[in-house]
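Submitted below is the structure of interest, expressed as structure tokens.
The values are calculated or read from the model by the stated rules, or taken from the named source; none is laboratory data. Not measured: the values here are computed from a predicted model. Cβ placement follows ideal geometry from the backbone for every residue including glycine, while neighbour counts extend to all protein chains displayed. Only protein heavy atoms, including side chains, enter the accessible area calculation; ligands, DNA and RNA are left aside. Shrake-Rupley method; radii C 1.70, N 1.55, O 1.52, S 1.80 Å.
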Amino acid sequence: MIGHIVFFKFKNYPEGLKEVKENLLSLKDKIKEIKKLEIGEDFSREERSYDLALYSTFESKEELIVYVTQLEEA
């Protein structure tokens, strides 16, 4: 199992956050290689914190590469 983590920091937090979360969650239905997808929103609001985290899992490195390629083509 391969885990992939992406952190986001928005210039105008929380503007557009709901839309970003919905778009990210919709990836699970669009990219079959994603085995699990979770989104976490920051609740501490510290300067060092990120606003949003995306955690996804894949069966193999090859499936992760397919995922990344599909995102780049979108």
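Name all residues of the range 42-74 having a backbone nitrogen under 14 Å from the label point set 7 Å from the Cα of Asn23 along its Cα→Cβ direction, giving them as ranges.
71-74
For the chain, the longest stretch holding no chymotrypsin sites (Phe, Trp or Tyr not before Pro) located in a DSSP loop with at most 15 other Cβ atoms within 10 Å is which?
Counting at most 15 other Cβ atoms within 10 Å as exposed, the longest clean stretch of the chain is 11-42.
Of Asp29, Asp42, which has the most accessible area with a 1.4 Å probe, and how do the rest follow in descending order?
Asp29, Asp42
With every protein chain left in place, what is the accessible area per residue of the chain in square angstrom, probe 1.4 Å?
Accessible area per residue: 74 Å².
If you don't mind, there's one more thing I want to ask. Leu25 accessible area, nearest 10 Å², 1.4 Å probe?
Only protein atoms counted, so the area is about 90 Å².
If you line up the long axis of helix 61-73 against the longest principal axis of the chain, both from Cα atoms, how many degrees apart are they, to the nearest 10?
60
Can you give the charge dipole size of the range 1-64 about its Cα centre, rounded to the nearest 20 debye, using +1 on the beta carbon of Lys and Arg and -1 on the beta carbon of Asp and Glu?
Once rounded to the nearest 20, the dipole reads 60 debye.
With a cap of 13 neighbouring Cβ atoms within 10 Å, and only residues DSSP puts in a loop, list the trypsin sites (Lys or Arg not before Pro) found in the range 13-74.
Here the sparse-neighbourhood loop sites are Lys32, Lys35, Arg45, Arg48.
I've got another one for you. Within the chain, which is the longest segment that contains none of the GluC sites (Glu not before Pro) sitting in a DSSP loop with at most 13 other Cβ atoms within 10 Å?
Answer from the scan: 16-45.
Can you work out D for the chain in µm² s⁻¹ from Stokes-Einstein, where Rh is the Kirkwood radius over C-alpha pairs, the temperature is 4 °C and the viscosity is 1.567 mPa s?
Calculated translational D: 98 µm²/s.
While we're looking at this one, here's another question. Between Lys36 and Ala53, how many nm apart are label points set 7 Å from Cα along the C-beta direction?
If labels sit at Lys36 and Ala53, their model points lie 1.4 nm apart.
A follow-up question, please. If I stretch the segment between Phe43 and Leu71 completely, what's the gain in nm (0.36 nm per residue apart, minus their alpha carbon distance), one decimal?
Between Phe43 and Leu71, full extension yields 7.3 nm more.
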